[in-house]
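Visitor: Handing you this structure, nothing more for now.
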Amino acid sequence: MMTRIIKVDQDNPSQEAVQEGSSVLKKGGLIVFPTETVYGIGCNAFSAESALKIFSVKKRPADNPLIVHISNMEMLHKITRDVPEVVEERWKKFWPGPLTIIFNASPLMPAEVTGGLDTVAVRMPSNNLARSIIEASGLPVAAPSANISTRPSITSSEYAIQEFSGSVDLIYDAGDCSLGLESTVIDIRGEKPIVLRAGAMNAEDVSSIFGEVVIDDIARGIAYSENPISPGTKYKHYSPSKPLVMIEDDSLYKRIFRKYSMDRRFLFIGLDQMLERNGQNLISLGGSGDLREAARKLFSSFREIDRSNCLAGVIHSFPEEKEGLAIMNRIRKASIMVVRTESDFNRFVESL
Ligand code: TXA
Ligand code: MG
């Protein structure tokens, strides 16, 4: 398939660029577009046939439902039933933005989009280009993260073009995503709001809108279920092709870094305070210890492991507060083992 690649300013897109995306959606095609979280691969959410194309291009398991993206509240009412009052009252506090909410689905939603559930996950993205395309087409857009299943999500157009040229109709070459982590997925149908997937909106901010949240152990990445509320959580995710290990203890990370920092087999990924010298086999996740900066750079660092000549990536753990919760969830899922002692690491080195 010929893929059209359009260079565009994601904050201030030309009318022409927006129209091209809108017309692909209306014809049932696929677009790869930036959101503030990660790149998405999108289609008309009312079209079962188009949704099936996404599953095929992404090699995604059919029972893992898609998030539907909207640009106004009218669309929300069209695709859902029984919108909770708290959403009607407070939606301006979280939308547009990186929060996805589970609703009862309207009968208009194809089972191919909802994974056969009677619910649908919805969010209104804040990215200007994304919202403008949805608004121009008048169609809600079903869009999972634009990455082949199991691979790290994509936060820069360079990787989007690499991964999807030839398999979608249109890719927006729009640079980097501003947040770099997927949206937080919550379920507010019960007594207390539950975080099903930790994400770019931190739990403190979700609580300030919906009341105290329960963070599912699966969302932390420390529990597993064959039958979770959020089907996506049971699958392998975010993983580079080469092994990534997480070292849980900061002083152990520094010790191992000192010992192996000249060893080209390893790519060390971490905050500057953990990487004590400059070098070529390291990737900085930021200097200030700002978790949002680390979040923004995380997925590209995973992809860098595969692009570099190293044999494995080595990352340290993060405190599980604010964005750290989502960062740790992604690292746990992407890594093949948690290193707790020096002999753990030695065993890993021998296995390479
Ligand atoms: O930031 C994001 O959320 C990005 C951008 C493109 O918006 N999208 C994204 O989609 O991360 P995806 O497909 O990679 O992840 C969607 C997650 C999956 O874990 C899926 O199982 C869950 O949301 N999900 C979707 N519909 C659901 C539903 N009806 N009930 C429970 N979980 C649902
Ligand atoms: Mg994904």
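Visitor: Residues to consider are Gly190, Gly199; find the one that is in contact with a strand residue (DSSP E or B) (Cβ under 6 Å, 6 or more places away or on another chain) and assigned to a loop (DSSP other than H, G, I, E, B).
Guide: Selected residue: Gly199, the only one of Gly190, Gly199 that is in contact with a strand residue (DSSP E or B) (Cβ under 6 Å, 6 or more places away or on another chain) and assigned to a loop (DSSP other than H, G, I, E, B).
Visitor: Report, ordered by the first and then the second residue, all pairs with beta carbons closer than 7 Å, sequence separation of six or more or different chains, a first member in region 226-245 that is over 26 Å from Asn104 (Cα atoms) and more than 11 Å from ligand 2 (Cβ to nearest atom), and a second member that is in a loop (DSSP other than H, G, I, E, B) and among the charged types (D, E, K, R).
Guide: Every condition considered, the pairs that remain are Ser239/Arg151.
Visitor: Of all residues in region 139-162, which are farther than 19 Å from Leu66 by Cα and either surrounded by fewer than 23 Cβ atoms within 10 Å (Cβ to Cβ) or within 12 Å of ligand 2 (Cβ to nearest atom) (or both)?
Guide: Result: Ser156, Glu158, Tyr159, Ile161, Gln162.
Visitor: Go through region 228-237 residue by residue and tally those that are of a type in the set (S, T, N, Q) and at pLDDT 80 or above.
Guide: Final tally of qualifying residues: 1.
Visitor: From the list Val38, Val24, exactly one residue is surrounded by 15 or more Cβ atoms within 10 Å (Cβ to Cβ), more than 23 Å from the chain's Cα centre (by Cα) and within 27 Å of Thr80 (Cα to Cα). Which is it?
Guide: Val24
Visitor: Every residue in region 175-187 that is in a loop (DSSP other than H, G, I, E, B) and within 16 Å of ligand 2 (Cβ to nearest atom), please.
Guide: Cys177, Leu179, Gly180, Leu181, Glu182, Ser183, listed by residue number.
Visitor: Take region 22-44 and flag every residue that is closer than 11 Å to Leu139 by Cβ and within 16 Å of ligand 1 (Cβ to nearest atom).
Guide: Residues satisfying the conditions are Leu25, Gly42, Cys43, Asn44.
Visitor: Further, regarding this structure: Within region 183-227, how many residues turn out to be at positive phi and at pLDDT below 80?
Guide: Result for region 183-227: 1.
Visitor: Exactly one of (1) touching a strand residue (DSSP E or B) at 6+ places or on another chain (Cβ under 6 Å); (2) more than 16 Å from ligand 2 (Cβ to nearest atom); (3) in a loop (DSSP other than H, G, I, E, B) is unmet by Ala223. Its number?
Guide: (1)
Visitor: Just a yes or no: is a residue in region 327-345 of a type in the set (Lys, Arg), under 25 Å from the mean Cα position of the chain (by Cα) and at positive phi?
Guide: Looking for residues that are of a type in the set (Lys, Arg), under 25 Å from the mean Cα position of the chain (by Cα) and at positive phi, one finds none in region 327-345, hence no.
Visitor: Between residues in region 69-83 that are free of Cβ contacts under 8 Å to residues at least 60 places away in the same chain and residues that are surrounded by fewer than 16 Cβ atoms within 10 Å (Cβ to Cβ), which pairs lie under 8 Å by C-beta distance while being six or more apart or on different chains?
Guide: Thr80/Asn104; Thr80/Ser106; Arg81/Asn104; Arg81/Ser106; Asp82/Asn104; Val83/His77
Visitor: All but one of (1) over 16 Å from the mean Cα position of the chain (by Cα); (2) part of a helix (DSSP H, G or I) hold for Tyr172; which doesn't?
Guide: With (1) over 16 Å from the mean Cα position of the chain (by Cα); (2) part of a helix (DSSP H, G or I) applied to Tyr172, the lone miss is (2).
Visitor: Pairs please, first residue from region 325-352 and hydroxyl-bearing (Ser, Thr, Tyr), second anywhere and part of a strand (DSSP E or B), Cβ atoms under 9 Å, 6+ apart in sequence or on different chains.
Guide: The qualifying pairs are Ser335/Leu244; Ser335/Val245; Ser335/Met246; Ser335/Gly313; Ser335/Ile315.
Visitor: Kindly provide the set of residues from region 50-79 that are surrounded by 15 or more Cβ atoms within 10 Å (Cβ to Cβ), of a type in the set (Ser, Thr, Tyr) and more than 19 Å from Glu36 (Cβ to Cβ), ordered by number.
Guide: Ser50
Visitor: For region 22-65, how many residues are at pLDDT 95 or above and either of a type in the set (Asp, Glu) or not assigned by TED's automatic domain parsing to the domain that holds Pro125 (or both)?
Guide: Number of matching residues: 2.
Visitor: List the pairs whose first member sits in region 21-40 and is free of Cβ contacts under 8 Å to residues at least 60 places away in the same chain, whose second member is of a type in the set (Asp, Glu), and whose Cβ atoms are under 7 Å apart, counting only residues at least 6 apart or on separate chains?
Guide: Qualifying pairs under 7 Å: Gly28/Glu49.
The values are calculated or read from the model by the stated rules, or taken from the named source; none is laboratory data. As the structure is a computational prediction, the values presented were derived from the model and not from experiment. Note that each Cβ is placed from the backbone with ideal geometry, even for glycine, and that neighbours are counted across all protein chains shown.
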